[in-house]
Structure formats: C-alpha cells, structure tokens
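Q: Once you've had a glance at the structure underneath, I'll fire off some questions.
Just so you know, all these numbers are worked out from the coordinates, no wet-lab data involved. Keep in mind the model is a prediction, meaning the values are calculated, not measured. Cβ placement follows ideal geometry from the backbone for every residue including glycine, while neighbour counts extend to all protein chains displayed.
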Amino acid sequence: MKGFRILTSTLFLLTSSIALSSSISVQKVSEHLHILSGKEYGTNIGLVATENGLVLIDPMPGNNQLSALDQAIWSIYDKPISFILNTHAHSDHTGGNAHFEKQGGKLIESSFNLDELTHIKVKSHTTIDNIYYHKESNSIFVGDVFDTSWHPTFYAGGIKGFNEAIEAILNLGDDQSLIIPGHGSPAKKSSLLEFRKNTFTWINKIRELHHKGLGVGQIMIDTQVKDILEKFNINNKSPFLPHKAYKRFIERTISVINDEKSIRNAGSHGIKYLSE
C-alpha cells in the first residue's frame, strides 16, 4: 500500500492545486479539466471545458458550499455551466443539480452528445454507474465504483458487476490515465488493479469465515480480516472505519456472497434468478 500512497502523492505534484476559498479546493489537470472538491462531502467534482460549453460532473460540494463552488467555477473560466452529468444518483453526487439547473445548466440523464467525453454505463456501486472519459486530459471519472478514501461498495452489481466495471474502466485510455474516484485522491490504473485485488481478497476471506459458520461479531475480530481492511486505508486513518460502518461492510459483503450462491444454485436448476 505504500506504493499506492506514493503514487497518489506524486500525481498531485503533477497538477496545480490551489485553494480558491476556505471550503473548495481546485486541482488543475489540464487546460480543459479541473477537479474541485468541497470539505463537507469530499466528492470529486469534474469541471470540463468543451466546445459546447462547461460541463460539471457530480456537482455536490455540500449544501452550504454551493455558492463557494459557483465562485470557484467563475474564477477559473468566467462562464456559466452548460451541462450537468452524474456518475450515479446518490445525493452526495447529485445534490447540486437543481442549483445549477436554475442557472441554466442542462442535466443530461440519457442522450449523450459531447464529443470531448466518452460515456459508458456499468452496474457495481449502484444499478446505473456512469463512467466518463475525457480524452484530452486522459482522465476517467468513475464515481463510487472506485473510492480511495473508503472501503469498496459493490453491492448493486455484486462480484460480477464489480469486476465488469473495473474491466470497463481499464479498457478506457491507457496505462497513464488518471482515474478520478468518487471520493479520495486520483490514482493510476495500477492502483485500480490493486483495489480490485484487495476487494477480491476481502470477499474471499469473508466467504471462507461465513461458510465456516462464524457470525458477524466473530468475523469482525478476525486478525486477517482486519489486516485486509487496512489495505483500503490509504490515508492511515485511525480508526479507518467506525464500528457501525465496519459491521455494516461485513454484513453487506455476506449479503452479496449469499446472492452469488443463490444465482449459482438457480442456474444449476435452469431457473433464471432475479436478485432483489
């Protein structure tokens, strides 16, 4: 994990980072792409300059920071937002949509016709996760499919959906592409591969202990489980997860594992399984 931390630190040295206000940070990736973030939510917000106008991706810095986000945008490009995109429907990514729609921004939810951005849909964190690739800066916005500040959240797509989403991201750009997670520090594809490896290690360990009959409380105190969890603790938080969040992560992982088993069993009987 040291390599992951060094890599993300190095990436920030390659971009300009300036605090335009006390609540909004801005990182210049290229002349046409900036990453903004508010202290309250920590969501990575994309600001993309296109021939058709400014595009804002996941415009939610926090309910009390929308005016500061306005100021940051105008200080960079001195233009209003023309289009709004979301990586998924959760409020910490969509909460600012209405604010910018009132200013004339158009929310794009289905039809997509922006030449500077490639759009693909996957199912992992939610039933519809939107991935956006900006070719000019070689940057990929992946939402909460990948998070460098938290544990993986692959609950909607399960193991299969998670792996397919990672593969879809890896197929965009090249080895030098900048991966911009929903939250946390941007990283390169090597870090995304490590994240996938650690996620599979986590799932396999929880599956093993669950099949042995261990309860959630017993799994929580398992030394190997704790060690695997720390692989996601890029910023060395102490503790990384609150007790409630740690417990919930294990419970939801078990739920995904049980769904996987149900799908496998249904398939063996020739029955189409629909997960709830």
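Q: As a footprinting exposure proxy, order T50, T223, T126 by other Cβ within 10 Å, with the fewest listed first.
A: On the way: T50 16, T223 7, T126 21.
Fewest-to-most Cβ neighbours within 10 Å comes out as T223, T50, T126.
Q: So, in nm, how far is label H243 from label N113 when the simple model puts each one 7 Å beyond its Cα toward the Cβ?
A: Here the answer is 5.6 nm between the modelled labels.
Q: Select from L117, F154, L241 the residue farthest towards the positive end of the dipole of the chain; place +1 on Cβ of Lys and Arg, -1 on Cβ of Asp and Glu, and compute about the Cα centre.
A: L241
Q: With 24 Å as the limit, write out which pairs from K205/K244; K188/K247; K205/K247; K39/K247; K28/K135 have Cα-Cα distances beyond it, or answer none. Can you show the working numbers first?
A: Working: K205/K244 20 Å; K188/K247 30 Å; K205/K247 15 Å; K39/K247 26 Å; K28/K135 15 Å.
Pairs exceeding 24 Å: K188/K247; K39/K247.
Q: Something else: Among K189, K244, K160, which comes first, second and so on when ranked by fewest other beta-carbon atoms within 10 Å? Walk me through the numbers on the way to the answer.
A: Numbers: K189 19, K244 8, K160 14.
Least to most surrounded, the residues fall as K244, K160, K189.
Q: Using only the alpha-carbon atoms, how far is helix 189-211 inclined from the longest principal axis of the chain? Give it as 0 to 90 degrees, nearest 10.
A: On a 0 to 90 degree scale, this one is about 30.
Q: Can you give me the Cα centroid spacing of region 67-123 and region 178-213 in angstrom?
A: Each part reduced to its Cα centre gives a spacing of 28 Å.
Q: Which of F162, F112 comes first, and how do the rest follow, when ranked by fewest Cβ neighbours within 10 Å? Can you show the working numbers first?
A: On the way: F162 26, F112 14.
Listing F162, F112 from fewest to most nearby Cβ atoms yields F112, F162.
Q: Counting pairs of alpha carbon atoms under 8 Å apart in space and at least six apart in sequence, what relative contact order in percent does the chain give?
A: On the way: 471 pairs, mean separation 35.6, N = 276.
About 13 percent, as a whole number.
Q: Restricting attention to the alpha-carbon atoms of the chain, what are Rg (one decimal) and Dmax (integer), both in Å?
A: 19.4, 61
Q: Determine the dipole magnitude for the chain: charges of +1 sit on the beta-carbon of Lys and Arg, -1 on that of Asp and Glu, nothing else is charged, the reference point is the Cα centre, and the result goes in debye to the nearest 20. Each step should come with its number before you reach the end.
A: Details: 28 positive and 28 negative charges, 212 e Å.
Once rounded to the nearest 20, the dipole reads 1020 debye.
Q: Can you tell me the 0 to 90 degree angle between the C-alpha axis of helix 158-170 and the longest principal axis of the chain, rounded to 10?
A: The helix 158-170 is inclined about 40 degrees to the chain.
Q: Dipole of the chain (Lys/Arg Cβ +1, Asp/Glu Cβ -1, origin at the Cα centre): which of L33, F141, A168 lies farthest to the positive side?
A: A168
Q: Next question, about the same structure. May I ask you to compute the full-extension gain from E194 to T127, defined as 0.36 nm times their residue separation minus their alpha-carbon distance, rounded to one decimal in nm?
A: Numbers: separation 67, 0.36 × 67 = 24.12 nm, distance 2.37 nm.
That works out to 21.7 nm of additional length.
Q: Let me ask something else. When the Cα centres of region 47-64 and region 229-253 are compared, how far apart do they sit, in Å?
A: Each part reduced to its Cα centre gives a spacing of 30 Å.
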